[in-house]
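Here the structure is laid out as structure tokens; the discussion comes afterwards.
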Amino acid sequence: MELMKRFVLIVLLILSTCKGSPPVDENKPRQPAAQTIKIGVIAALTGSASAYGRSIVNGFELAAKEINSKGGITLELIIEDSAGRQEQALSAAQKLINSNMVAAILGPTLSTEMRVVGPLAVTNGVPILATSNTAAGITQIGRFVFRNSMPETIGTPLSIQMARDKYNIKKAAIIYGDDDVFTKSGFDTMKATAERLGITITTIEKFQKGQADYSAQLTKIKADAPDAILCSALFNEGAVILQQARKLGIDVPVIGGNGFNSPKIIELAGQAAEGLIVATPWFSGKPDKRVQDFVAAYKAAYGTEPDQFAAQAYDGLYLMDEAIRRSGTSEREKVRDALASIKDFDGVMGRFSFDADRDVVMAPLVIIVKDGRFQLFN
Amino acid sequence: MHLNPYHLQIASFALINIMLALGVYVTLSTGQLTLGSAGFMGIGAYTTAVLTVNCHVPVPVGIVAGGLLAGVAGVATGFPALRLRGVYLAVATLGLGEMLRVVFIRWEVLTGGAVGFTGIPQMGRETLDMLNTYGLNPQGIGLKDNEFTAFSVFLILLLIAILTVWAILRQSSSRVGRAFSAIECDESAAGAMGIDIHYYKVLAFGEGAFISGLAGALYAHTASYISPADFTYHRAVEVLAFAVLGGIETAWGAVIGAAVLTVLPETLRFISSYRYVVYGIILVAAMVYRPQGLIDRALLRRFTAK
């Protein structure tokens, strides 16, 4: 087995190169002598989630530029692509924690990636702040896991409740995509909320990613004559559902999950998007100086209006900056404690606090599509 | 002693991918082109997840059970697959993989549906806990906890991968391996020579599925979280690319192909969002200049000859 011997030799060689790197104590990343602090970012810059990843990185970079121009400390962002996949996110996290010795990590983009990266951050004692994960149970992974992105469980119930009060909704139909982690968990929230609010669910219909024809589901929904439709879908499928529903003559209000919270839905669905109600942590039309400054700076830098993901990322880095300033160090444990103690932080998304579980405490806004644009719903 | 968990992590995923590529290689060595590997990988992963989390079965038992169940599923698909050849078989197995993915989504009570299966015991952390109960501590050999967990995962995977490579190499120079290559070269001629074509083709399918299932189970205990999105046809095509880029003439092709294509995106990290463009270019270039794959028999002979 000459070949086998050679193979073992090669593996040993590879291993020996691993041992070659200099010993560093990772519990104490280098003290901020020059006040430069390394922050790792894991974002999906390639693959199907790259549209989100792009906005997120834009938000981080804009915030970093502003923070660094203020002086005091310099935040150095080390941005790694995860391609939206768990293995890649895990490798990226290992690299940031062990090779780059970052003080903290921002990201990853998807909740599924956090399920894999979160436990690693906890065992290594590295604070990790998710700015775009919306699934339930994310911060419960461990005491180093934080998030500033509003989970579905906060936003969606409020939009349903406000719509019920305004339109006197007694029975509703639900339609959702059952093969996507995001739309599925959105559905779970909708169903639980409807039951809690005493809204009768007339029918529950499912669809799959990339489906083009929803007439079977919508005809069934129409037959039951509900007062409203609750829909958990991503915006590309959501737009088609809206169009086909209106074409079938279903004119009841549609309350969308977080996937509908994108200007793209109005672009794609056009007239059919009128009356769509969604909850959002971020509203670019808010008459607040901070918000308008951010929108203007973002437009100047990237040419488009910031979406929810850019705003969450922007606030996320400011939260991290606040924690590092408060703790006066880049020691991971102390940054974690400082982050956990943040209360009533004023960001572009509004007043923000972490609860005891390091999850989000903030008031979401409910918006409605009127005259071809999102407006506050009340 | 200092080990970088980052390098060990990449090496671990490379080893899992090597196993997946070998699963495809075994089936291909009888001339059967399969795209069902992601589905078999999923069977292995979900089996061990359910067994270890819901039934509290020890992790090694779960892994073996995952491989075996995938193997049984492979034998079951091997029979109808006998009627199909070439691209028709590829399309049929593609359908099988998609069907399995939908089963993982719909069988919610067991799999957690699209949201995924969380809290699967991680091999490294399990090993560490076991050592701690015996009063042993990785500090004794100069390793920190996180280094130790990454290192133990790597060692376990390395051991299993070496065993798999060894078994396949042994088989390829045995009666079974000769029958496989005879069938690949010319099925009717092999049949005329008295080789039981049905038996060997189904055997190859079962073996391939077993190895894929084993790799899937190991993946579940490395990542500690799985979801149906991990077992789409993208994965199957990627695994096929490992085997084809490396070369399908010998098992070493699958090993080298998987190792190269796993390490490549990591070494390309410095170009950030363009890395998959370069990855694609390298893939195309490799296929143009070495259509038989990176490793072929001629190269292997030169390598082994002193």
Computed P(r) (all Cα pairs; segment A:272-378; 5 Å bins; percent): 2, 12, 18, 20, 17, 14, 9, 4, 2, 1, 0
Distant-in-sequence amide H partners of A:Leu276 (H built 1.01 Å from N, under 5 Å): A:Val369
For q = 0.21, 0.23 Å⁻¹, Debye-computed log10 I/I(0) when each Cα of segment A:125-179 counts as one equal scatterer: -0.86, -0.93
Within chain B: Cβ-based charge dipole about Cα centre, in debye rounded to nearest 20 (Lys, Arg +1; Asp, Glu -1): 580
Which of B:Ser227, B:Val61, B:Tyr199, positive extreme of dipole for segment B:5-232 (C-beta unit charges): B:Tyr199
For chain B, Kirkwood radius (reciprocal of mean inverse C-alpha pair distance, Å): 20.1
Debye-sum result for chain A in log10 I(q)/I(0), which assumes one identical scatterer on each alpha carbon, at q = 0.06, 0.12, 0.13 Å⁻¹: -0.26, -0.90, -1.02
Stokes-Einstein diffusion coefficient of the protein assembly as shown, Kirkwood radius over Cα pairs, 37 °C, 0.692 mPa s, in µm²/s: 122
Over chain B: helical MRE at 222 nm, DSSP H runs n ≥ 4 each giving -39500 (n - 2.57), nearest 500: -24500 deg cm²/dmol
Residue among B:Val57, B:Val165, B:Val278 with the largest mean-square fluctuation in a Gaussian network model of chain B, springs linking Cα atoms under 10 Å: B:Val278
Whole-Hz ³J(HN,Hα) from phi, Karplus 6.51 cos²θ - 1.76 cosθ + 1.60, for segment A:95-102, glycine and proline x: 5, 5, 6, 9, 9, 8, 6, 5
Test item: A:122-128 mean partner chain Cβ contacts at 10 Å: 2
Segment B:179-220-segment B:26-88 distance, computed between alpha-carbon centres (Å): 14
Descending Cα extents along the principal axes, segment A:233-311, whole Å: 43, 21, 18
Relative contact order (percent, whole number), segment B:180-254, Cα cutoff 8 Å, 6+ residue spacing: 13
Lysines whose Cα lies under 19 Å from that of A:Lys220, excluding same-chain neighbours fewer than 8 positions away: A:Lys170, A:Lys171, A:Lys191, A:Lys206, A:Lys247
Relative contact order [Cα under 8 Å, 6+ residues apart], chain B, whole percent: 35
Most mobile of B:Leu15, B:Leu131, B:Leu28 in a GNM of chain B (Cα contacts under 10 Å): B:Leu131
Test item: Cα-centred dipole of the protein assembly as shown, Lys/Arg +1 and Asp/Glu -1 on Cβ, debye: 700
Residue mean of other protein chain beta carbons inside 10 Å, A:73-86: 2
Helix axis angle, B:175-185 relative to chain B longest principal axis, alpha carbon, degrees: 60
Shielding score for B:119-126, defined as the mean number of other chain Cβ atoms within 10 Å: 1
Distance in nm between pseudo-label sites at B:Ser174 and A:Ile204 (7 Å out along the Cβ direction from Cα): 5.0
Long-range amide H partners of B:Ile226 with built H, under 5 Å: B:Phe117
Calculated diffusion of segment A:153-194, Stokes-Einstein form, Kirkwood radius summed over Cα pairs, 20 °C and 1.002 mPa s, µm²/s: 197
Coarse-grained scattering of segment A:180-309 at q = 0.09, 0.14 Å⁻¹, given as base-10 log I(q)/I(0) from a Debye sum over alpha-carbon atoms: -0.30, -0.68
Nearest-ten-degree value, helix B:275-289 long axis tilted from longest Cα axis of chain B: 30
Computed label-point distance, nm, for sites A:Asp344 and B:Val72 using a 7 Å Cα→Cβ extension: 6.2
Residue of A:Gly137, A:Gly40, A:Gly59 that the Gaussian network model of chain A assigns the largest fluctuation, springs spanning Cα pairs under 10 Å: A:Gly137
Angle between chain B longest axis and helix B:37-54 axis [Cα atoms, degrees, rounded to 10]: 30
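Values in this text are rule-based calculations from the coordinates and carry no lab data. Model, not experiment: these values are computed from the prediction. Every residue, glycine as well, gets a Cβ built from its backbone with ideal geometry; the counts of neighbours run over all protein chains shown.
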